[in-house]
Amino acid sequence: METLTIDGRFNGPEGSGNGGYTCGLIAGLLGRTAEVTLRRPPPLDRPLDVEREGDRLLVRDGDALVAEAEPAEVELDAPASPSYGEAERASARYPGFEEHAFPTCFVCGPAREPGDGLRIFAGPMGDGRVASPWTPAEVAPELVWAALDCPGAIAVGYPERGETLLGRFAAEIEELPRIGERCVVVGWPLGEEGRKLYAGTALFGEEGRQLASARATWILPLPL
């Protein structure tokens, strides 16, 4: 049986995998641009069973379905990239500095040390976009998926609108960034429907070239 294990370093909420990183690992098993749907919090540090059904891929924890993936296309009109300096200034307004449900999140947790977490802190640009600088210390496709994840939550109103959970994620990588490259991650809202909030994100390298883009569906949990 083919398996997949999410290392504990790559958590989102405490005890479960970061959604973007997990989706990137799963997409890597398909070997193409994919859309991944998360059905439950991905467990860490234990093998998950991988099943292939034609072009589809299912990830299970015992009998429980964790995620499913299938080939997809990402068609987004990304806004222009702000400069690195503009992204730095926006990042200083990151709302997670004041309130954060998951402060140890691998991507956006302010409690993660430099060189351990990605420390992507997307703050408002004042025009509907959010942005953060990112200078990668390591590079892999699943890390680009991770970088494209959390800025989308900020774009759709986290934390003001309460906790949001990644439900569906599709990303396309045109080019991996270079280690040490001064990159910018941008997020913007794409509308909403009930408890579903839609966001686009994009990663830009130096000279403003677009490296990757993603679309996400974020879910507002049912009120208790």
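Does the range 175-198 hold any residues that are part of a strand (DSSP E or B) and farther than 18 Å from Ser91 by Cα, and which are they?
Matches in the range 175-198: Leu190, Gly191, Glu192, Glu193, Lys196, Leu197, Tyr198.
Of Arg161, Arg168, which residue is closer than 24 Å to Ala101 by Cβ and part of a strand (DSSP E or B)?
One residue alone meets the criteria, Arg168.
For the range 198-207, check the following and say yes or no: at least one residue is within 14 Å of the chain's Cα centre (by Cα) and open to solvent by 10 Å² or more (accessible area, probe 1.4 Å).
So far as the range 198-207 goes, yes, one or more of its residues are within 14 Å of the chain's Cα centre (by Cα) and open to solvent by 10 Å² or more (accessible area, probe 1.4 Å).
Hey, can you tell me all the residues within the range 78-106 that are basic (Lys, Arg) and assigned to a helix (DSSP H, G or I)?
Listed by number, the list holds a single entry, Arg89.
Condition first: open to solvent by 70 Å² or more (accessible area, probe 1.4 Å), over 15 Å from Phe106 (Cβ atoms), modelled with pLDDT under 95 and not in a strand (DSSP E or B). Can you find one or more residues in the range 12-30 that meet it?
Checked against the condition, which is being open to solvent by 70 Å² or more (accessible area, probe 1.4 Å), over 15 Å from Phe106 (Cβ atoms), modelled with pLDDT under 95 and not in a strand (DSSP E or B), the range 12-30 yields no hits at all.
Given the criteria open to solvent by less than 60 Å² (accessible area, probe 1.4 Å), closer than 23 Å to Thr22 by Cα and at pLDDT 95 or above, does Pro136 qualify?
yes
Give all pairs with beta carbons closer than 9 Å in which a residue from the range 204-221 that is more than 23 Å from Ala34 (Cα to Cα) meets a residue that is open to solvent by less than 10 Å² (accessible area, probe 1.4 Å) and of a type in the set (Asp, Glu); count only pairs at least 6 apart in sequence or on separate chains.
The qualifying pairs are Glu206/Glu181.
Suppose we filter the range 174-197 for residues that are surrounded by 13 or more Cβ atoms within 10 Å (Cβ to Cβ) and within 25 Å of Gly96 (Cβ to Cβ); how many remain?
Residues flagged as surrounded by 13 or more Cβ atoms within 10 Å (Cβ to Cβ) and within 25 Å of Gly96 (Cβ to Cβ) within the range 174-197 amount to 15.
Can you find a residue that is open to solvent by 10 Å² or more (accessible area, probe 1.4 Å), over 22 Å from Pro221 (Cβ atoms) and touching a Pro at 6+ places or on another chain (Cβ under 7 Å) anywhere in the range 145-158?
no
Can you find a residue in the range 86-99 that is under 20 Å from Ile219 (Cβ atoms), open to solvent by 40 Å² or more (accessible area, probe 1.4 Å), out of contact with any strand residue (DSSP E or B) (no Cβ under 8 Å at 6 or more places or on another chain) and modelled with pLDDT under 95?
yes
The values are calculated or read from the model by the stated rules, or taken from the named source; none is laboratory data. In this text, all values refer to a predicted model and were calculated from it rather than measured experimentally. Every residue, glycine as well, gets a Cβ built from its backbone with ideal geometry; the counts of neighbours run over all protein chains shown. In case anyone asks, the SASA skips ligands and DNA or RNA and just uses the protein heavy atoms, side chains included. Shrake-Rupley method; radii C 1.70, N 1.55, O 1.52, S 1.80 Å.
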